[in-house]
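Before any comments, here is the structure.
The values are calculated or read from the model by the stated rules, or taken from the named source; none is laboratory data. These numbers come from a predicted model, not from an experiment. We place every Cβ from the backbone using ideal geometry, glycine too, and count neighbours over all the protein chains shown.
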Amino acid sequence: MPDDELNQAFELGRTCALAAECGRDLRLCAQMYTGLFPAPAFTADLFGSLTLATAFSAPWARADRLKVTNRAALWVMAVDRLVDRAATTREQVNRLAAECVSVAEGSVPRSAVTRFLADLRDELATVKGFGELREIWLDQLVVTLAGMARAWVWRDTHTVPTLARYVENADSRGSCFVDLSHWIYTADDWAKAHLEELRGVSRQVQRYLHVLGDLASYRRDLSWGDLNALALGVDPAEVTAVMAELAREARLLIDPVREHSPRTATYLHRQLGFNAGFAGISDYQPVT
């Protein structure tokens with residue numbers, strides 16, 4: 001085997017081992033919050049896909065440096081399930097959001113989902129400078145929960161948003177909240193000093209991932225009655241064209257970051273590529 005192929009195989013193997021190690025942490029973490037992660041919804045495959053995405057986005061990191069990233073992503077999934085599957089009234093959705101924000105601000109948690117959030121908050125607080133970055137993290141949490149609530153209202157009222165409004169509600173996906181948690185916990189000084197700027201880049205990546213995820217989950221979303229970009233009454237070709245433009249705009253925003261924080265830029269670029277490949281979207285144009 002040529003050296004370059006051997007090196008590539010080694011890196012792939014090492015990254016998969018990193019994902020496996022992260023997966024063990026997530027499974028143990030899920031066991032700590034009784035009832036929050038029912039087996040039918042949170043399978044081994046789900047844990048595996050989550051940690052693979054994180055490991056391939058930041059393959060240079062150790063598992064202990066990725067635990068906040070993975071746990072933030074798992075927490076977002078837990079809240080999303082509670083909003084989508086458990087909440088039956090808008091009041092319940094609003095109450096859940098209010099409790100989460102209150103705990104993120106320092107209140108005592110009174111449920112499994114808020115206890116998980118409190119533990120995430122406390123882990124971030126071990127990082128020097130979290131006090132200065134906490135407001136942007138809280139603000140993105142509020143925006144994420146508002147996006148989930150808006151999507152719930154659309155489903156409950158049988159409202160069909162325009163494709164543009166649907167894309168702009170991509171905060172309901174929660175990946176920007178995960179990115180901010182990741183950078184607060186692991187990023188270099190430049191990234192932490194420019195977190196608001198990076199949030200704008202992350203939200204553009206999030207818009208792309210929002211539509212990409214819909215292409216991959218179309219049949220499941222229809223069977224569950226969930227919103228999906230392909231079910232908004234627009235031509236599928238328009239959806240794929242919008243997705244391609246979102247990816248192009250994301251790359252344009254990411255490229256200038258590389259000069260100041262190469263790993264931050266690589267992390268975002270790899271999110272685009274890995275998720276497209278994992279979803280089986282063959283027309284994705286990799287970044288060279």
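Residues that are farther than 17 Å from Ala17 by Cβ and assigned to a helix (DSSP H, G or I) within the range 32-68 comprise Asp45, Leu46, Val68, listed in sequence order. Taking the listed residues Ala164, Ala187, Ala170, Ala191, the one that is touching a His at 6+ places or on another chain (Cβ under 9 Å) and over 27 Å from Phe37 (Cα atoms) is Ala191, with no other qualifying. Looking across Ala58, Ala63, Ala44, one residue alone is among the aliphatic types (A, V, I, L, M) and under 17 Å from the mean Cα position of the chain (by Cα). It is Ala58. Exactly one residue among Ala39, Ala73 is of a type in the set (Gly, Ala, Ser) and out of contact with any helix residue (DSSP H, G or I) (no Cβ under 8 Å at 6 or more places or on another chain), and that residue is Ala39. Say whether the condition of being touching a residue at least 12 places away in the same chain (Cβ under 8 Å) and among the aromatic types (Phe, Trp, Tyr) is met by at least one residue in the range 16-34. Within the range 16-34 (the criterion being touching a residue at least 12 places away in the same chain (Cβ under 8 Å) and among the aromatic types (Phe, Trp, Tyr)), the answer is yes, since at least one residue qualifies.
Given the conditions (1) in a helix (DSSP H, G or I); (2) over 16 Å from the mean Cα position of the chain (by Cα), and given that Ala72 satisfies all but one, which numbered condition is not satisfied? Of the numbered conditions (1) in a helix (DSSP H, G or I); (2) over 16 Å from the mean Cα position of the chain (by Cα), the odd one out for Ala72 is (2). For the range 130-149, the criterion of being within 21 Å of the chain's Cα centre (by Cα) and hydroxyl-bearing (Ser, Thr, Tyr) is met by at least one residue.
No other residue among Gly225, Gly273, Gly200, Gly213 is in contact (Cβ under 8 Å) with a residue 12 or more places away in the chain and touching a Pro at 6+ places or on another chain (Cβ under 6 Å) apart from Gly273.
Only one entry of Val205, Val242, Val234 meets the criterion of being within 27 Å of Ala149 (Cβ to Cβ), touching a Cys at 6+ places or on another chain (Cβ under 9 Å) and hydrophobic (A, V, I, L, M, F, W, C), and that entry is Val205.
Residues in the range 184-232 that are more than 29 Å from Gly280 (Cβ to Cβ) and either of a type in the set (A, V, I, L, M) or in contact with a Phe, Trp or Tyr (Cβ under 7 Å, 6 or more places away or on another chain) (or both): Ile184, Ala187, Ala191, Lys192, Ala193, Leu195.
Taking first residues from the range 55-67 that are closer than 20 Å to Phe116 by Cβ and touching a residue at least 24 places away in the same chain (Cβ under 8 Å) and partners that are of a type in the set (Asp, Glu) and part of a helix (DSSP H, G or I), the Cβ contacts under 8 Å between residues at least 6 apart in sequence or on separate chains come to Ala63/Glu21; Ala63/Asp25; Lys67/Asp25; Lys67/Glu123.
Screening the range 162-224 for helices (runs of 4 or more DSSP H) wholly inside it with 2 or more residues that are at pLDDT 95 or above and within 13 Å of the chain's Cα centre (by Cα) returns the ranges 175-186, 195-216. Pull out all pairs, ordered by first then second residue, where Cβ-Cβ is under 8 Å, the residues are six or more apart or on different chains, the first lies in the range 92-110 and is closer than 16 Å to Gly147 by Cα, and the second is at pLDDT below 95 and part of a helix (DSSP H, G or I). Between residues of the range 92-110 that are closer than 16 Å to Gly147 by Cα and residues that are at pLDDT below 95 and part of a helix (DSSP H, G or I), the close pairs are Gln92/Ala86.
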